[in-house]
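The values are calculated or read from the model by the stated rules, or taken from the named source; none is laboratory data. In this text, all values refer to a predicted model and were calculated from it rather than measured experimentally. Neighbour counts are summed over all protein chains in view; Cβ atoms, including those assigned to glycine, are modelled from backbone coordinates with ideal geometry. Just the protein is used for accessible areas: all its heavy atoms, side chains included, with ligands, DNA and RNA removed. Shrake-Rupley method; radii C 1.70, N 1.55, O 1.52, S 1.80 Å.
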Amino acid sequence: MQSQGASKTSVLNCIDLSNPDLHQSVSLLKQACLDSGFFYVVNHGISQEFMDEVFAQSKRMFEQPLSEKMKLLRNEKHRGYTPILDELLDPENQLKGDYKEGYYIGVEVAEGDPEAEKPFYGPNVWPEPELIPGWRETMENYHREALEVARAVARIIAIALDLKVDFFDQPEMLGKPIAILRLLHYEGGISDPSKGIFGAGAHSDYGLITLLATDGIPGLQICKDRDAKPQIWEDVPPLKGAFIVNLGDMLERWSNCVFKSTLHRVLVNGQERYSMAYFVEPSHDCLVECLPTCKSENNPPKFPPILCQTYLSQRYNDTHTDRSVYKKPQTSILPQNMF
């Protein structure tokens with residue numbers, strides 16, 4: 001078991017989306033992408049009042065009895081509730097699974113629409129309106145606003161990779177994205193890496209970029225060099241009103257490892273913690289292959305081309321519990337006391 005804790009606090013670059021000096025934003029982002037793959041984004045256009053409301057609605061969901069939440073259990077399209085231990089992100093170091101519960105919300109596509117046949121599209125799983133009034137409307141509005149922030153960040157990334165500013169705006173990319181909001185709740189236990197107990201095990205994200213909003217409770221850590229022995233973990237402090245943005249594996253593939261998708265994990269310290277991760281990926285049919293600006297005769301492509309939907313499906317299936325286990329008695333699979 002890996003026993004290393006955080007040894008220092010990470011200092012991340014901060015990208016101000018209201019900054020008229022685009023060159024400065026590109027420079028800061030490029031440095032962050034080469035160094036750690038993590039940075040803050042501020043002045044993103046989503047008001048603090050609305051963020052507070054989304055967090056309040058998320059909390060109302062997770063405060064529901066387990067029996068109610070299990071009625072909303074995630075389906076084969078990865079929509080809905082995920083119980084504690086449903087996800088195992090770091091099997092080499094984790095004793096069981098992640099001590100967190102979550103809720104997936106994707107792009108809403110009505111049943112019967114041909115698009116709904118695709119792996120990550122379809123109707124969302126929504127609680128009954130009388131259970132949590134206004135919940136669906138709040139989450140749909142947040143999903144919409146967060147996507148605009150992601151598109152703004154992707155434009156800066158495109159320039160940093162010497163691409164046209166609208167490269168990621170193309171229909172096969174963020175024109176029709178797979179965008180997944182995941183609400184997360186960590187109960188107030190205490191993580192212990194030496195015993196394989198983590199809020200979220202060490203992993204890198206799968207897609208293009210992730211926007212993370214937190215409630216101000218610390219817990220996120222990053223490891224800039226996954227091959228170091230021992231691994232050095234750094235705390236990422238929450239920043240009020242900011243998104244913590246990180247790059248995903250798909251962008252690392254696209255950029256031929258020029259930009260980094262960095263290992264990160266969550267350790268909980270006895271405080272209850274809420275966060276919201278917004279995962280942004282290109283469309284199902286996007287072919288992810290080495291960008292023309294990221295290869296040369298001396299630096300040929302390191303990865304074969306792959307369809308976005310194929311890659312994401314593999315990654316989700318690798319880390320989530322088979323849904324059939326939930327047909328067994330709940331008491332045998334769902335811990336009531338995390339630690």
If I go through region 168-187 residue by residue, how many of them are among the aromatic types (Phe, Trp, Tyr) and open to solvent by 10 Å² or more (accessible area, probe 1.4 Å)? 0
Considering region 4-16 alone, what residues qualify as being over 20 Å from the mean Cα position of the chain (by Cα) and at pLDDT 95 or above? Asp16
Against the definition (among the hydrophobic types (A, V, I, L, M, F, W, C) and over 25 Å from Tyr186 (Cβ atoms)), how does Ala154 come out, yes or no? yes
Name the pairs whose Cβ atoms lie under 7 Å apart, with the first residue in region 308-329 and closer than 21 Å to Gln94 by Cβ, the second surrounded by 16 or more Cβ atoms within 10 Å (Cβ to Cβ) and at pLDDT 80 or above, and 6 or more positions between them or separate chains? Arg315/Tyr206; Tyr316/His78; Thr319/Glu87; Thr319/Leu88; Thr319/Leu89; His320/Asp86; His320/Glu87; Thr321/Asp86
Which numbered condition trips up Gln231, out of (1) open to solvent by less than 10 Å² (accessible area, probe 1.4 Å); (2) more than 17 Å from Lys100 (Cβ to Cβ)? (1)
Taking region 212-228 as the region of interest, how many residues are within 16 Å of Phe198 (Cβ to Cβ), part of a loop (DSSP other than H, G, I, E, B) and open to solvent by less than 40 Å² (accessible area, probe 1.4 Å)? 2
For region 310-321, check the following and say yes or no: at least one residue is at pLDDT below 95, touching an Asp or Glu at 6+ places or on another chain (Cβ under 7 Å) and of a type in the set (Ser, Thr, Tyr). yes
Within region 260-288, can you find the residues that are over 19 Å from Pro305 (Cα atoms) and in a loop (DSSP other than H, G, I, E, B)? Thr262, Leu267, Val268, Gly270, Gln271, Glu272
I'd like to know if region 150-162 contains one or more residues that are part of a loop (DSSP other than H, G, I, E, B), over 18 Å from the mean Cα position of the chain (by Cα) and within 30 Å of Lys295 (Cα to Cα). yes
If Glu117 satisfies every condition in (1) of a type outside the set (Phe, Trp, Tyr); (2) open to solvent by 30 Å² or more (accessible area, probe 1.4 Å); (3) under 29 Å from Ser255 (Cα atoms) but one, which is the exception? (3)
Which residue pairs have Cβ atoms under 9 Å apart, sit 6 or more places apart or on different chains, and have a first residue in region 89-117 that is free of Cβ contacts under 8 Å to residues at least 60 places away in the same chain and a second that is among the basic types (Lys, Arg) and not in a helix (DSSP H, G or I)? Val109/Lys118; Glu115/Lys176; Ala116/Lys77
Within region 238-251, identify whether any single residue is part of a loop (DSSP other than H, G, I, E, B) and open to solvent by 50 Å² or more (accessible area, probe 1.4 Å), and answer yes or no. yes
Which is out of contact with any His (no Cβ under 9 Å at 6 or more places or on another chain) and modelled with pLDDT of 95 or more, of Glu111, Glu76, Glu101, Glu140? Glu140
Just checking, does region 124-137 include any residue being out of contact with any helix residue (DSSP H, G or I) (no Cβ under 6 Å at 6 or more places or on another chain) and assigned to a helix (DSSP H, G or I)? yes
